[in-house]
1. In this structure, is GLN265 polar (S, T, N, Q) and closer than 30 Å to ARG315 by Cβ?
2. Can you name the residue in the range 341-389 that is modelled with pLDDT of 70 or more and charged (D, E, K, R) and is also surrounded by the most Cβ atoms within 10 Å (Cβ to Cβ) among such residues?
3. Taking ILE266 as meeting all but one of (1) out of contact with any Cys (no Cβ under 9 Å at 6 or more places or on another chain); (2) open to solvent by less than 30 Å² (accessible area, probe 1.4 Å), write down the number of the exception.
4. Could you tell me which residue of the range 163-177 is nearest to VAL143 (Cα to Cα), considering only residues that are in contact with a Lys or Arg (Cβ under 9 Å, 6 or more places away or on another chain) and away from the ligand (no atom under 13 Å from the Cβ)?
5. Only helices (runs of 4 or more DSSP H) wholly contained in the range 219-325 count here; list those with 3 or more residues that are in contact (Cβ under 8 Å) with a residue 40 or more places away in the chain and within 17 Å of the chain's Cα centre (by Cα).
6. Do we have any residue at all in the range 145-153 that's on the phi < 0 side of the Ramachandran plot, within 16 Å of the ligand (Cβ to nearest atom) and among the basic types (Lys, Arg)?
7. Which count do you get for residues in the range 6-40 that are over 22 Å from ARG146 (Cα atoms), of a type outside the set (Val, Ile, Thr) and in a loop (DSSP other than H, G, I, E, B)?
8. For SER294, indicate whether it is in contact with a helix residue (DSSP H, G or I) (Cβ under 6 Å, 6 or more places away or on another chain) and either within 19 Å of ALA51 (Cα to Cα) or open to solvent by less than 40 Å² (accessible area, probe 1.4 Å) (or both).
Amino acid sequence: MTSSGRALVSGGSIAGLSAAYWLARTGWDVTVLERSPAFRTGGQNVDVRGAAREVLDRMGLTDDVRAANTTETGTVIVDEHGATVVRLPDDDSGEGATAELEVLRGDLAEVIRNALPDSVRFRFGDAIVAVDEDGSDGRPVTVRTRSGATVQAELLVVAEGVRSDTRDLLFTVERRRLGITMEFGTIPRIPSDDDTWRWYNAVGGRQVHLRPDAHGTTRAMLAYTNDDGVVPDRRDRYAGAGWQTERVLDGFEHSEDVYVDDLTQIVAPTWHRGSVVLLGDAAWCVTPMGGGGSSLALTGGYVLAASLAAQDADRAFAAYEEWMRPLVDRIQTMPPGIKRFAYPQTRAGLAAQRVAHHVLTSRPVAPLMARLTHTADADQPLPALDVTR
Ligand SMILES: Cc1cc2nc3c(=O)[nH]c(=O)nc-3n(C[C@H](O)[C@H](O)[C@H](O)COP(=O)(O)OP(=O)(O)OC[C@H]3O[C@@H](n4cnc5c(N)ncnc54)[C@H](O)[C@@H]3O)c2cc1C
């Protein structure tokens, strides 16, 4: 197998776009296949941290992402009256729970799409139904799509997100449900909404979050423990939760972009097979509880293309895995007891959490706590990559 030629990237979100960008810039002829009928612009807050900051810099897109910033200035835990319990700390580099490059997923996707080389083609509203890897037609991979088309390529990048069908056709992965559901949506902004991420914990393992955006609306999230994985009626689940819960519940009834995620880590023993490689959430979903999924997706696209530019594909895939695995493993390893701490079920648990927040954000411990959010930092430099286009 060669390290250039035709590349088919399945999935047109952060991972797929990053791969398309870097593969095209290193000489690949790239087509992005996206199941949705049009480019997806939805989604709530994601952040660009650690190695992904450098990838964005190398794309020349840091200023564009900064211009699309959500305007959030910090994170506060609030009580049922909206009063601040504690403000989460920044670390020495100014990064805390709110990152410096805090952006909506759709805005980040648009910025990357607008920077793609003209040679990148999109094919919307279609999806892979079969993959043939026998190479009998001269190309290592031949895929058949739902619309009946046949596409041949030297490389297939599967970047279809956590519930990837193509991955499930070709790979066996472990799914680790975390027993937490998150519901994200956009609601009307009201005058008392400010520029902070306000985070409210209620008994019964329920959280309510409100965050500013740069579009004149407010981004809300409900996050709750959910051991059986069946998404409950949200009004029942949040009955009596207090603070601004009713407003969020009303808002979600009219919001057009509610995104519900039963948090599930994906653990795959390998990310490649023949000429097929997994990327982003399809390969290693870390979930919003681990954090940094978009940063990993952005970084992974770069590392994959850089690895392919330096050696034959078999070695490149191994090098890509070797570079990315430690980062992913670190984020997927949750501190013991974190779920019980973050989602207290009882009044006593909630009171203990408040005390702990005060201790954890006190002067001596604060930089350490803030560093926990630096999940996408790598211990090694990014591999070198010479762009050819
Ligand atoms: C519309 C949308 C909204 C999101 N909102 C949030 C949010 O509010 N908060 C949060 O933390 N994370 C959100 N995410 C997830 C977040 O983008 C990812 O966790 C992270 O950025 C890693 O991205 P990814 O490209 O690996 O996967 P994803 O962002 O999940 O992208 C996968 C892409 O592949 C496409 N796809 C899926 N199956 C197929 C198929 N069979 N063939 C072709 N294409 C396929 C999907 O339509 C999607 O565009 C959202 C994702 C999407 C697509």
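1. Values: polar (S, T, N, Q): yes; closer than 30 Å to ARG315 by Cβ: yes.
Here the answer is yes, as GLN265 does meet what is asked.
2. Out of the qualifying residues, it is ARG354.
3. (1)
4. Keep residues of the range 163-177 that are in contact with a Lys or Arg (Cβ under 9 Å, 6 or more places away or on another chain), which gives 165, 170-171, 173.
Next, only the ones that are away from the ligand (no atom under 13 Å from the Cβ) stay: 171, 173.
Details: PHE171: 16, VAL173: 21 Å.
Here the answer is PHE171.
5. Values: elements: 234-237, 245-254, 281-284, 287-290, 293-310.
Result: 281-284, 287-290, 293-310.
6. Step one: of the range 145-153, the residues on the phi < 0 side of the Ramachandran plot are 145-147, 149-153.
Retained after the next criterion (residues that are within 16 Å of the ligand (Cβ to nearest atom)): 145-147, 149-151, 153.
In the following step, the residues that additionally are among the basic types (Lys, Arg) were identified as 146.
Looking for residues that are on the phi < 0 side of the Ramachandran plot, within 16 Å of the ligand (Cβ to nearest atom) and among the basic types (Lys, Arg), one finds at least one in the range 145-153, hence yes.
7. Within the range 6-40, residues that are over 22 Å from ARG146 (Cα atoms), of a type outside the set (Val, Ile, Thr) and in a loop (DSSP other than H, G, I, E, B) number 2.
8. Working: in contact with a helix residue (DSSP H, G or I) (Cβ under 6 Å, 6 or more places away or on another chain): yes; either within 19 Å of ALA51 (Cα to Cα) or open to solvent by less than 40 Å² (accessible area, probe 1.4 Å) (or both): yes.
Criteria met by SER294.
The values are calculated or read from the model by the stated rules, or taken from the named source; none is laboratory data. Since the structure is predicted, the reported quantities are computational estimates derived from the model, not experimental observations. Here the Cβ is made from the backbone with ideal geometry for all residues, glycine too, and neighbour counts use every protein chain on show. The area values use the complete protein model at the heavy-atom level, side chains included, leaving out ligands, DNA and RNA. Shrake-Rupley method; radii C 1.70, N 1.55, O 1.52, S 1.80 Å.
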